[in-house]
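I have placed the structure first, in the form of structure tokens, so that the comments after it can refer back to it.
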Amino acid sequence: MNNEIITQRLEQELDRLKEKNNIYLGYPLAKDFRYSDLAPFLNLQINNVGDPYIPSSLAIDTKEIEKEVITFFSNLLRAPKDSTWGYVTNGGSEGNLYGLYLARESFPQGMVYYSESTHYSVKKNLHLLNIPNIVIRSQENGEMDYEDLENTLFSHRHQPAIFFLNIGTTMKEAIDDVLKIHWIIKKMAIKDYYIHCDAALLGIIAPFHNVRPAFDFKDGIDSISISGHKFIGAPIPCGIVLCKKDHKERIGRAISYVDTKDTTITGSRNGFTPLLLWYALKKMGITGLRKRVQESIELADYALGKIQGIGVKAWKIQMQ
């Protein structure tokens with residue numbers, strides 16, 4: 001294929017994508033980003049193979065940048081400084097897979113409990129990992145039905161409990177209450193348990209809300225997954241996963257030919273997405289993120305009023 005045909009085809013695809021980017025609505029994907037400063041990196045081979053905290057003999061990585069991204073999110077999610085670990089993922093689904101993987105390795109005989117409002121990928125992840133699981137009813141607002149959870153747990157008290165909680169469900173942005181889960185754990189005297197939070201949607205927003213919900217490490221979770229391409233925005237799906245370091249140590253394996261440890265889902269990992277997240281976070285900072293959250297809330301209020309104004313039934317979930 002000659003260069004002229006290639007150029008024409010790329011121009012057609014670019015025009016199509018520009019049009020679609022301008023008109024899509026209803027998906028939680030930010031599009032007000034500009035990453036042109038990072039364009040030179042696209043002409044380089046970048047491979048963050050293995051553990052971000054252990055250098056590789058390959059050495060063409062952005063692991064130092066990746067660690068800065070993880071440190072930012074660790075501070076945001078009130079994680080213990082020396083006992084928390086994480087990495088940049090390909091998105092929320094990978095982060096959830098990783099959290100469930102750690103839970104299974106911690107409690108091979110465990111039972112997973114998740115609500116019917118949980119993201120569709122979780123059922124697939126549970127199938128891939130072959131973990132026994134039970135679906136719990138959801139309340140009308142999308143939040144887990146704690147009475148149903150408690151009744152179900154009573155019949156399976158002989159098994160370790162793995163709780164998969166939603167911090168912002170896909171359709172209703174409902175938040176499962178970590179403190180209520182701990183209350184049930186204490187009430188039923190459950191000794192062996194693991195709590196993973198899917199915070200793909202609200203993980204970056206919730207810390208800046210006037211009433212911060214219970215969902216992070218200070219509230220007693222074991223791992224959490226957040227999307228990067230949703231609220232922050234990126235041309236490539238990405239995210240982060242954080243966990244207690246003890247859980248990660250159970251799965252690490254030394255890989256001699258790249259001279260590092262295999263502690264993530266994939267072997268070779270994207271070295272460009274850490275640059276995207278690092279760049280966005282450095283540009284915005286805590287002040288910029290807080291402003292972005294407030295502007296989003298104001299925009300949601302504006303949209304709600306306009307939609308209701310034309311007679312369409314609409315509502316906004318209020319974070320408790």
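Find all pairs meeting these conditions: Cβ atoms under 6 angstrom apart; at least six residues apart or on different chains; first residue within segment 282-301 and more than 28 Å from Glu66 (Cα to Cα); second residue not in a helix (DSSP H, G or I). Correct list of pairs: Ala300/Lys316. Restricting attention to segment 53-67, does a residue exist that is over 23 Å from Ser225 (Cβ atoms) and among the polar types (S, T, N, Q)? Yes, because at least one residue in segment 53-67 is over 23 Å from Ser225 (Cβ atoms) and among the polar types (S, T, N, Q).
Looking at Thr260, Thr266, Thr287, just one residue is of a type in the set (S, T, N, Q), surrounded by fewer than 21 Cβ atoms within 10 Å (Cβ to Cβ) and closer than 23 Å to Ser106 by Cα, and that residue is Thr266. With respect to the conditions (1) closer than 30 Å to Ile204 by Cα; (2) in contact (Cβ under 8 Å) with a residue 12 or more places away in the chain; (3) small (Gly, Ala, Ser), Ala39 lacks only one, and its number is (2). If the condition is being among the β-branched types (Val, Ile, Thr) and in contact with a strand residue (DSSP E or B) (Cβ under 6 Å, 6 or more places away or on another chain), then segment 153-182 contributes Ile162, Ile167, Ile175, Ile181. Evaluate segment 37-46: report whether one residue or more is over 15 Å from the mean Cα position of the chain (by Cα), modelled with pLDDT under 95 and of a type in the set (Gly, Ala, Ser). No; the residues of segment 37-46 include none that is over 15 Å from the mean Cα position of the chain (by Cα), modelled with pLDDT under 95 and of a type in the set (Gly, Ala, Ser).
Scanning segment 107-125 for residues that are touching a residue at least 24 places away in the same chain (Cβ under 8 Å) and farther than 22 Å from Glu173 by Cα gives Phe107, Gln109, Gly110, Met111.
Count of segment 230-246 residues, restricted to those that are closer than 21 Å to Lys218 by Cβ and surrounded by fewer than 20 Cβ atoms within 10 Å (Cβ to Cβ), is 3. Number of residues in segment 21-61 that are of a type in the set (Ser, Thr, Tyr), under 16 Å from Pro235 (Cβ atoms) and in contact with a helix residue (DSSP H, G or I) (Cβ under 7 Å, 6 or more places away or on another chain): the value is 1.
Filtered by the rule that a residue be surrounded by 15 or more Cβ atoms within 10 Å (Cβ to Cβ), of a type in the set (Ser, Thr, Tyr) and either within 15 Å of Val112 (Cα to Cα) or modelled with pLDDT of 95 or more (or both), segment 135-177 gives Ser138, Tyr146, Thr152.
The number of residues in segment 19-37 that are of a type outside the set (S, T, N, Q) and closer than 23 Å to Leu275 by Cβ comes to 9.
If the condition is being in contact with a Phe, Trp or Tyr (Cβ under 9 Å, 6 or more places away or on another chain), among the charged types (D, E, K, R) and buried (at least 20 other Cβ atoms within 10 Å of the Cβ), then segment 52-77 contributes Lys63, Glu66.
Residues of segment 186-205 include at least one that is out of contact with any His (no Cβ under 8 Å at 6 or more places or on another chain), surrounded by fewer than 24 Cβ atoms within 10 Å (Cβ to Cβ) and in a helix (DSSP H, G or I). Of the residues making up segment 139-166, just one is of a type in the set (Val, Ile, Thr) and part of a strand (DSSP E or B), namely Ile162. No other residue among Lys218, Lys261 is among the charged types (D, E, K, R), assigned to a strand (DSSP E or B) and in contact (Cβ under 8 Å) with a residue 40 or more places away in the chain apart from Lys261.
The values are calculated or read from the model by the stated rules, or taken from the named source; none is laboratory data. If you're wondering where the values come from, they're calculated on a predicted model, not measured in any experiment. Cβ atoms come from the backbone with ideal geometry, glycine included; neighbour counts cover every protein chain shown.
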